[in-house]
Amino acid sequence: MKDLLAQKLLSYKKKTIEIETLETLLSSRLSYDQFARLILSLEEEGVLEMVKSKGRNHRTPSLAYSYRIQTNPLRQDFKEELMRFRLHIHSAIQLDSYFKLDHVQWKEDLPYIEKIHNYLTNIGFPTYEVPAPERSVELVGDEKWITEQQGKELLERVGLWEKMKIIPVSDPLMFAVNPSTLSKVRQYHLIVENKTTYQALLDTLPETSFSTLIYGSGNKIIKSIEQFDRQLPIPQAEHEFYYFGDIDRSGIFIWNGLNEKRKVRLYLPFYEGCLEKPPLKGKTNQRLDHQALNKFLRFFSEKEQKLLKTVLENGQYFPQEILKTRELQEIWRHHHGIQ
């Protein structure tokens, strides 16, 4: 019971707490004597400190009406618990991140960490890749744990995601191939956000130095790019990715999310073509990610940056479709655009 209350105090948002709230946190039918002795033990340990101005009740044992929560003693106990646990857990399971995280996260993760420990101790590391649901069943007995219940995040926290040889669960990557380039060491790949642009450029692909034209399908590309090496297994090749999407808040957000997975440059000839057109009105309901915008703007000249900022601040945008099919094809044929 004391451990439960300590855990809840660690995650309690306020610095002071009333005695009635302490009772509520326990949500258990303790007698007053049992409850009072529990609170008094936390007083003695320095976890709860009486707010003197509020006074104490007149019951026996007497409790304060209000307490300040001192989390340092609780955090020290938590650190000692982690250090003790580290002595008995499989050496490959890294617990360093938990020293910085909330105690509640540790308690939520602990049952799964123990199952992973048992798996590694009894079976060892997997030697071949399998889909996430299959590995999820092997590790914790729940096929949805990795993909739907934060299992991937836990495996990353303890430094095991790569070692567990898990095939990503995402939609297949959709792309067209330029066969004449596939024997080259350096290969270029163009990702376009929308289907219209993909169709407009498809027939022009063989006339370029690009190996693939990839249909991003909006946000889906952020996950489906994980499938690239599996779908185009050319081990000796060095791959460079370029992107062309709508010049709006959403398009910038998609590029940034993709760029965090794999380094992806902007295909500037298309973007520069868009900036020569008048922007369209609309797109005022999208959230602007300023960090993503700053990264996006680095590809452009100072003059272009000012234009882009003004357009976005005014709720305007440049859709990919602002460049007509023939314009897109002509630009891709004659402007290399590779940095």
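Which order results if LEU201, LEU232, LEU280 are arranged by neighbouring Cβ count within 10 Å, fewest first?
So the ranking, lowest neighbour count to highest, is LEU280, LEU232, LEU201.
Assigning unit charges at the beta carbon (Lys, Arg +1; Asp, Glu -1) and nothing else, what dipole magnitude in debye, to the nearest 20, does the range 1-62 show about its Cα centre?
The calculated dipole for the range 1-62 is roughly 220 debye.
Starting from the amide H of GLY315, placed 1.01 Å from N in the peptide plane, find each other amide H under 5 Å away whose residue is 5 or more places distant or on another chain.
none
Scan the range 1-109 for trypsin sites (Lys or Arg not before Pro) in coil per DSSP, keeping those whose Cβ has at most 15 other Cβ atoms within 10 Å, and list them by number.
Passing sites in the range 1-109 are LYS13, LYS14, LYS15, ARG29, ARG59, LYS100.
Around ARG186, what is the net charge, scoring Lys/Arg as +1 and Asp/Glu as -1 over all other residues with Cβ under 12 Å from its Cβ?
With Lys, Arg at +1 and Asp, Glu at -1, the neighbours total -1.
Quick one: go through the range 78-100 and flag any residue whose amide nitrogen is under 20 Å from the point 7 Å out along the Cα-to-Cβ line of LEU4.
Inside the label zone: 78.
Would you kindly state how much longer the chain becomes between LYS15 and MET83 on full extension, computed as 0.36 nm times their sequence separation minus their alpha carbon distance, in nm to one decimal?
21.8 nm
Using a Gaussian network model on the chain with a 10 Å cutoff between Cα atoms, which of PRO172, PRO279, PRO233 fluctuates the most?
Among PRO172, PRO279, PRO233, the largest mean-square fluctuation in the Gaussian network model of the chain belongs to PRO233.
Take the cross-link list LYS277/LYS324; LYS14/LYS152; LYS13/LYS261; LYS54/LYS100; LYS195/LYS277; LYS263/LYS295 and give me the ones stretching past 23 Å between alpha-carbons.
LYS14/LYS152; LYS13/LYS261; LYS54/LYS100
What value, in deg cm²/dmol to 500, does the helix sum -39500 (n - 2.57) over DSSP H runs of n ≥ 4 give at 222 nm once divided by the residues of the chain?
Per the formula, -13000 deg cm²/dmol.
Taking a ≥ b ≥ c as the square roots of the Cα gyration tensor eigenvalues, with a/c under 1.5 meaning rounded and otherwise prolate when a/b beats b/c, else oblate, which class fits the range 14-161?
Prolate is the answer for the range 14-161, as a/c is 1.5 or above and a/b outweighs b/c.
Could you give P(r) for the range 2-71, binned at 5 Å from zero, as whole percent values over all Cα-Cα pairs?
Reading upward from the zero bin: 3, 17, 33, 30, 14, 3.
I'd like to know how the chain sits against the 2.2 N^0.38 Å rule of thumb: what's its Cα Rg over that expected value?
The chain yields a ratio of 1.41.
Looking only at Cα atoms, what is the convex hull volume of the range 174-334 per residue, in Å³?
Per residue, the Cα convex hull of the range 174-334 comes to 109 Å³.
Find out how many positive minus negative residues lie around ALA237, taking Lys and Arg as positive, Asp and Glu as negative, among other residues whose Cβ is under 11 Å from that of ALA237.
Once positives and negatives cancel, what remains is -1.
Coordinate-derived values only; no laboratory data. Nothing here was measured: the structure is a model prediction, and the numbers come from that model. Counting neighbours? That spans all protein chains shown, and the Cβs are built from the backbone with ideal geometry, glycine included.
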